[in-house]
1. Quickly run through segment 104-121 and pick out the residues that are open to solvent by 30 Å² or more (accessible area, probe 1.4 Å) and in a strand (DSSP E or B).
2. When S124 is evaluated against the numbered criteria (1) touching a helix residue (DSSP H, G or I) at 6+ places or on another chain (Cβ under 8 Å); (2) within 19 Å of S25 (Cα to Cα); (3) open to solvent by 40 Å² or more (accessible area, probe 1.4 Å); (4) not charged (D, E, K, R), which criterion, by number, is the only one it fails?
3. Taking segment 1-25 as the region of interest, how many residues are part of a loop (DSSP other than H, G, I, E, B) and either open to solvent by less than 30 Å² (accessible area, probe 1.4 Å) or modelled with pLDDT of 95 or more (or both)?
4. Report, by residue number, each residue of segment 44-103 that is in a loop (DSSP other than H, G, I, E, B), within 16 Å of T118 (Cα to Cα) and open to solvent by less than 40 Å² (accessible area, probe 1.4 Å).
5. Kindly indicate the residue of segment 26-42 that is surrounded by fewer than 17 Cβ atoms within 10 Å (Cβ to Cβ) and of a type outside the set (A, V, I, L, M, F, W, C) and also nearest to Y60 (Cα to Cα) among those meeting that condition.
6. Write out, first by first residue and then by second, each pair whose Cβ atoms fall under 8 Å of each other, whose residues are 6+ apart or on separate chains, and whose first residue, in segment 15-31, is charged (D, E, K, R) while the second is not in a strand (DSSP E or B).
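The values are calculated or read from the model by the stated rules, or taken from the named source; none is laboratory data. Nothing here was measured: the structure is a model prediction, and the numbers come from that model. Positions of Cβ are backbone-derived with ideal geometry, glycine not excepted, and every protein chain shown enters the neighbour counts. When the accessible area is computed, the model is the full protein with side chains, heavy atoms only, and any ligands, DNA or RNA have been set aside. Shrake-Rupley method; radii C 1.70, N 1.55, O 1.52, S 1.80 Å.
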Amino acid sequence: QVQLVESGGGLVQAGGSLRLSCAASGGTISLYAMGWFRQAPGKEREFVAAITKRGDNVRYADSVKGLFTISRDNAKNTVYLQMNSLKPEDTAVYYCAASAYSVLYARAGMYDYWGQGTQVTVSS
């Protein structure tokens with residue numbers, strides 16, 4: 001069973017950048033498509049980005065397209081989310097997830113393993 005641990009969250013001013021990392025253990029992420037989701041207080045968990053097993057295809061939510069970049073390093077068993085031009089509405093807990101499917105799903109139910117999340121707070 002894959003364990004996922006997110007890091008890199010924190011407090012940043014609007015317009016700033018953060019890079020989130022998701023380190024896996026107990027298994028190799030090369031077997032999984034990987035995704036990032038986020039959940040703001042009082043809101044449902046929403047899809048942010050996903051990347052295929054080999055990193056040759058990505059998918060983004062419209063709200064982060066051109067601002068966030070998902071990447072992976074299978075040798076390091078780690079997935080990243082580079083977030084630029086952050087806005088207060090990006091404030092949320094960010095979760096990393098692993099999916100055994102090859103298709104890049106935006107639905108949380110299609111992901112098998114989840115991390116505990118890392119808080120990102122963007123001040124105005």
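1. Y113, W114, Q119, T121
2. Every listed condition holds for S124 apart from (2).
3. Residues flagged as part of a loop (DSSP other than H, G, I, E, B) and either open to solvent by less than 30 Å² (accessible area, probe 1.4 Å) or modelled with pLDDT of 95 or more (or both) within segment 1-25 amount to 7.
4. L86, T91
5. Kept after step one, since they are surrounded by fewer than 17 Cβ atoms within 10 Å (Cβ to Cβ), are these residues of segment 26-42: 26-28, 30-31, 39-42.
From what's left, of a type outside the set (A, V, I, L, M, F, W, C): 26-28, 30, 39, 41-42.
Numbers: G26: 27, G27: 25, T28: 23, S30: 20, Q39: 16, P41: 21, G42: 22 Å.
Per the stated criteria, the residue is Q39.
6. These pairs meet every condition: R19/G8.
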